[in-house]
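Here, each number is a calculation from the coordinates, and none is a lab measurement. Since we're looking at a predicted model, the values are computed, not measured. Because the Cβ atoms are built from the backbone with ideal geometry, glycine has one as well, and the counts that use them run over all protein chains shown.
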Amino acid sequence: MNQTDSLIKNRTPETPSGGHISDAPPSNDIEVLNCLYQVTRALSATLDLKAALKEVMDILAHTMGMQRGTVTILKPYSTELQIEVAHGLTAEARKRGRYRLGEGITGRVVSTGEPLVVPKIAEDPRFLNKTRTRSGTKNSETGFICVPIKDGSRTIGALSVDKLFSGKGALEDDLQLLTVISSLISQSVVRLQAAHAEREALLAENRKLKRALSEKYEIKNIIGKSGRMQEVFDLVLRVAESNATVLLRGESGTGKSLIAKAIHFNCSRRKGPFVIVNCSAIPESLIESELFGHERGAFTGAVSRKSGKFEQAKGGTIFLDEIGELPHHVQVKLLNVIQDKEFQPLGSSRTIKADVRIIAATNRNLEEAMESGHFREDLYYRLNVFPVYLPPLRDRRTDIPLLAEHFMKKFARDNNKNIVRISQPAIDALLQFQWPGNVRELQNCMERAVLICDEEVLRIHHLPPSLQFHDMSDQEVGNAKKSLTDMVAHFEKELIVEALSETGGNQTKAAKQLDTSLRIINYKIKKYGIDATSFKKKV
């Protein structure tokens, strides 16, 4: 027999002759079940613990004739009890209702985990009346019932009620009912506390990730010491705090998306979303719906309403990458959004405010596109409010070693490899290459090199053949790939150059480091045309 069955079986029928007041306890099994049903529904209907417990107190007041009632919860990692919700008590009274474990009846119930029934609180010295709400002659017949709220064997709080004394049997019946209800409360408290803790953990993780993301895209964390990049950073800092539309120009792979994120995470909209739209990657028939959304039935296949990227970016920034590839009919609608700060989803008559900042990027020559009629002139001038040109990597060669080292460390960490540095010949090869794919190509090159490298130093033979033989013709590169002699010579030259670089051009020390003789080092230096004196400045 479970707890509820026992309660119904042992419930003492209530009659007017039994001394009960008319609106007091449930008078039959149906009313008991109805009370439990209402309590269960109240506890499961919301994730707001206080709201649920308040409704439970209202139910008990209505069904039990409860004068006052409280749910007291033990604070985590504390010995203090605090009233969570109360019925029939003022806010001041609730503040005064604080107990320590073992203090008063409530403290004792939580301490022992056993319920207590006090037929007449005026006659019981254990009753402390901390809330100061039970004074006067009318309280002389008031009884008090307090039951523990348990999570397994651990007591986490107490449920207590005041009601007029109407016989010991009635109080015992009420005790059974409250015991069942305290069990239901316990389940809800544990469930909601776990949900709250999980939610707080997710929010904390979200805040941590946002903070890390914001820090990642701080200007000082973007790699670039060259004069050209310092000019870019200065422009970004100037425009970031404004709401101006920014147009990022530059070759593919120069880092336009990185700069767009830097602008967003350094502006007042940093807490809003950053929505990326690659205009060249979306089919022409879907780009308008993707940007502005659509209503159900707007076109074939539109089975439900969909919000567009402009609506999703509300309060934040929308980054329109490859803006030069935008279809002509969508250019018209985008122009209206920029001018009027509002738009209409496909198939809808409602207007949505466009509370977004626009950052656009392109590697196309928009001036030529205007002349050929592929890009609207009026849209060009709307987008070109604050242009920022990103230089190609070949025009910022002083940044190549910094970027290469950054990517080397990143990929070594990702692949659990202990690579500590890049050899000087490898750096020289990186500096001499033209990098048509810019930073993206350098990143891919370093990832490949790290995967191939099985030592602490990343050397020139770990780089792609196109970098090792950058000064040869395609035919010569093809032949070099097949020549063991050439490959050995390249590797040998790299080792000598690396040793001379580390020893400041001292050939004796270089020979010792390479475990060979000075005579052989001198021979190899002349054979490969290495100028040993050029390394003295690198000490």
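Shape class for the range 392-474: prolate, because the ratio a/c of the largest to smallest gyration tensor axis (alpha-carbon atoms, square roots of eigenvalues) is 1.5 or more and a/b beats b/c.
Relative to the current alpha-carbon distance between Leu286 and Asp515, full extension at 0.36 nm per residue lengthens the span by 75.8 nm.
When a/c is below 1.5 the answer is rounded, else prolate if a/b is larger than b/c, else oblate, so apply that to the range 219-391 with a ≥ b ≥ c taken from the square roots of the Cα gyration tensor eigenvalues.
Working: a/c = 2.11, a/b = 1.54, b/c = 1.37.
It comes out prolate by the Cα gyration axes.
With a Förster radius of 35 Å, plug the Cβ-Cβ distance of Gln187 and Arg126 into 1/(1 + (r/R0)^6) and report the FRET value to the nearest 0.05.
Numbers: r = 29 Å, r/R0 = 0.83.
For Gln187 and Arg126, the calculated efficiency is 0.75.
Taking the average, over residues, of other Cβ atoms within 10 Å as the packing measure, peptides 525-534, 226-235 rank 226-235, 525-534 from highest down.
The distance linking the range 292-322 with the range 254-269 is 22 Å (Cα centroid to Cα centroid, whole angstrom). Annotation note: trypsin sites (Lys or Arg not before Pro) in the range 321-419 located in DSSP loop regions with a Cβ neighbour count of at most 12 within 10 Å are Lys341, Arg350. Peptides 267-276, 384-393 ranked from most to least packed give 384-393, 267-276, packing being the mean of other C-beta atoms within 10 angstrom over each peptide's residues. Put simply, when 100-108, 511-519, 492-500, 450-458 are sorted by average Cβ atoms within 10 angstrom per residue, most first, you get 492-500, 100-108, 450-458, 511-519. Considering the zone a paramagnetic label at Ser268 would reach in this model (a point 7 Å from Cα along the Cα-to-Cβ line), which residues of the range 309-335 have amide N under 16 Å from it? Taking a point 7 Å out along Cα→Cβ of Ser268, the residues of the range 309-335 whose backbone N falls under 16 Å are 315-317. A straight Cα-to-Cα reach below 19 Å connects Lys493 with the aspartates and glutamates Asp428, Glu455, Glu456, Asp471, Glu476, Glu502, Asp515, Asp531, residues fewer than 8 places away in its own chain not being considered. The residues packed around Asp355, meaning those with a beta-carbon under 14 Å from its beta-carbon, carry a net charge of +4 if Lys and Arg are +1 and Asp and Glu are -1. Stretched out straight at 0.36 nm per residue, the stretch from Lys333 to Ala302 would grow longer than its current Cα-Cα span by 9.2 nm.
Longer than 28 Å from Cα to Cα, which of Lys256/Lys314; Lys220/Lys306; Lys409/Lys527; Lys410/Lys527; Lys306/Lys333 are they? Say none if no pair is. From the list (Lys256/Lys314; Lys220/Lys306; Lys409/Lys527; Lys410/Lys527; Lys306/Lys333), the Cα-Cα distance tops 28 Å for Lys220/Lys306; Lys409/Lys527; Lys410/Lys527.
Charge dipole (Cα centre; +1 on Lys/Arg Cβ, -1 on Asp/Glu Cβ; no other charges) of the range 392-474 amounts to roughly 260 debye. Suppose R0 equals 51 Å. What FRET efficiency, 1/(1 + (r/R0)^6) with r the Cβ-Cβ distance, do Ser153 and His406 give to the nearest 0.05? According to the calculation, E is roughly 0.40. Modelled spin-label separation between Glu377 and Ala195, with each label point placed 7 Å from Cα along the Cα-to-Cβ direction: 6.1 nm. A Förster radius of 41 Å combined with the Cβ-Cβ distance from Tyr37 to Gln312 puts the calculated FRET efficiency at roughly 0.45. Taking a ≥ b ≥ c as the square roots of the eigenvalues of the Cα gyration tensor of the range 253-301, is the shape rounded (a/c under 1.5), prolate (a/b larger than b/c) or oblate? Oblate shape, in that a/c is at least 1.5 and b/c is the bigger or equal ratio.
Extension gain, Thr351 to Glu114: 0.36 nm times the residue separation minus the Cα-Cα distance gives 79.0 nm.
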